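The values are calculated or read from the model by the stated rules, or taken from the named source; none is laboratory data. Fair warning: this is a prediction, and the values are worked out from it, not measured in the lab. Cβ atoms come from the backbone with ideal geometry, glycine included; neighbour counts cover every protein chain shown. Calculation scope for accessible area: heavy atoms of the full protein, side chains included, ligands and nucleic acids excluded. Shrake-Rupley method; radii C 1.70, N 1.55, O 1.52, S 1.80 Å.
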There are 2 protein chains.
Amino acid sequence: MTRGTAPDKIDHLHPEKRQGLVVVLTGDGKGKTSSALGMVLRACGHGLRSCIIQFMKGDLYAGEWDGIKRLGDLVELHHTGKGFCGIQGNPYPYEEHRANAQDAIDLVLEKMAGGQFDLLILDEINNALHLNLIDLEQVIDLLDRKPPLLHLVLTGHNAHPTIIERADTVSEIREIKHAFRRGIEPQPGIDY
Amino acid sequence: MTRGTAPDKIDHLHPEKRQGLVVVLTGDGKGKTSSALGMVLRACGHGLRSCIIQFMKGDLYAGEWDGIKRLGDLVELHHTGKGFCGIQGNPYPYEEHRANAQDAIDLVLEKMAGGQFDLLILDEINNALHLNLIDLEQVIDLLDRKPPLLHLVLTGHNAHPTIIERADTVSEIREIKHAFRRGIEPQPGIDY
């Protein structure tokens, strides 16, 4: 798959110390969930096992649900939730959103304790916390219980300052512009 | 793979108008290339075909090279270049970096004309332009020639204002903090 311009040999980094990182992807721009998915793809290349837990995905089909099936048994995906709490048109009461997010937290604890994954993606957990569907103490508890070699990626708007403080790597993804503001509908493969 | 909390049925979006978007991912934070890779994963779920052209990847192994092999024949990846031009330790002269980037532009034109892809990732092209390895006119020419339904994703630091102007969706990924600033080595699956 390489061309004549590709390097003659490939060098490999081998960190002296393996360390499980806490990565936060926040901000109002496009690219938080897709960046987490890209890390899953990258992790597969190293033979690492990933688990994606989507906190607020709801019932709207997302391409990654079938995309990750192609990655085989290295990746597991769970989509929980009833869509975005509080946005127009969402018919579910707060209590139901909260009960779903609480189930997702139990699932994270179970997957963390199981020890079978190298990378755990907590998709939209920042937003779930911001909307009080889960409590700050619960997320801090997750971070406290994180096994040293497990990578934890927390995505979603409005990451809590305490979580940012605890993280190793944090990116804020800012919207400079977005196609939907010009009336362009969400496009499969790009937006969902 | 879903739990009891998952929705009872899945809704599908079907945009009335399909449109190939120009997406720019720029900024100094972690998440540009990984976000583009996540879009590839997502596109696979919709049965769309992707081509990734890495402009400045060089000879350092990246997990996505093997990760994308798992996605099968929907994805093609080309890594060109001799690593980052101008950074400490890079032994190649400017002319060689430029020649490589020029080859990559030819490859993009070839893939665009071939018409076999729905999503074309131009990884680090913003940076290649910023370093004068390619010219602004060449990138504008790519945008002018883009087939209407092809999605084009341009990643890398220092996106040119003219390219931002031309794009449909632009995210700036800002570094709030990064593990390497505390002396933590790059970790496989997360950083490469």
Determine, yes or no, whether B:VAL40 is surrounded by fewer than 24 Cβ atoms within 10 Å (Cβ to Cβ), in contact (Cβ under 8 Å) with a residue 12 or more places away in the chain and closer than 24 Å to B:ARG174 by Cβ. no
Kindly indicate whether any position in the stretch A:84-91 is in a loop (DSSP other than H, G, I, E, B), among the β-branched types (Val, Ile, Thr) and open to solvent by 20 Å² or more (accessible area, probe 1.4 Å). yes
Residues in the stretch B:124-141: is at least one part of a strand (DSSP E or B) and closer than 25 Å to B:GLU64 by Cα? no
Does the stretch B:155-166 include one or more residues that are surrounded by fewer than 21 Cβ atoms within 10 Å (Cβ to Cβ), outside any loop (DSSP other than H, G, I, E, B), more than 7 Å from every other protein chain (Cβ to nearest Cβ) and hydrophobic (A, V, I, L, M, F, W, C)? no
Checking A:THR33 against (1) crowded, with 21+ Cβ neighbours inside 10 Å; (2) not in a helix (DSSP H, G or I), which single condition isn't satisfied? (2)
Exception for A:VAL22 within (1) within 14 Å of the chain's Cα centre (by Cα); (2) at the interface with chain B (Cβ under 8 Å from one of its Cβ atoms); (3) surrounded by fewer than 24 Cβ atoms within 10 Å (Cβ to Cβ); (4) of a type in the set (A, V, I, L, M) falls at (2)
Within the stretch B:167-192, the count of residues that are in contact (Cβ under 8 Å) with a residue 40 or more places away in the chain, open to solvent by 10 Å² or more (accessible area, probe 1.4 Å) and either touching a Pro at 6+ places or on another chain (Cβ under 9 Å) or in a loop (DSSP other than H, G, I, E, B) (or both) comes to 4
Do you know which residues across the stretch B:142-154 are surrounded by 14 or more Cβ atoms within 10 Å (Cβ to Cβ) and part of a helix (DSSP H, G or I)? B:LEU142, B:LEU143
Just one listed residue, out of A:ASN100, A:ASN127, A:ASN90, is within 11 Å of chain B (Cβ to nearest Cβ) and either in contact (Cβ under 8 Å) with a residue 24 or more places away in the chain or under 25 Å from A:LYS30 (Cα atoms) (or both), and it is A:ASN100
Could you list all residues from the stretch B:43-65 that are in a helix (DSSP H, G or I), surrounded by fewer than 24 Cβ atoms within 10 Å (Cβ to Cβ) and at pLDDT 95 or above? B:GLY45
So, of the residues in the stretch B:66-79 that are at the interface with chain A (Cβ under 7 Å from one of its Cβ atoms) and open to solvent by less than 20 Å² (accessible area, probe 1.4 Å), which turns out to be modelled with the lowest pLDDT? B:HIS79
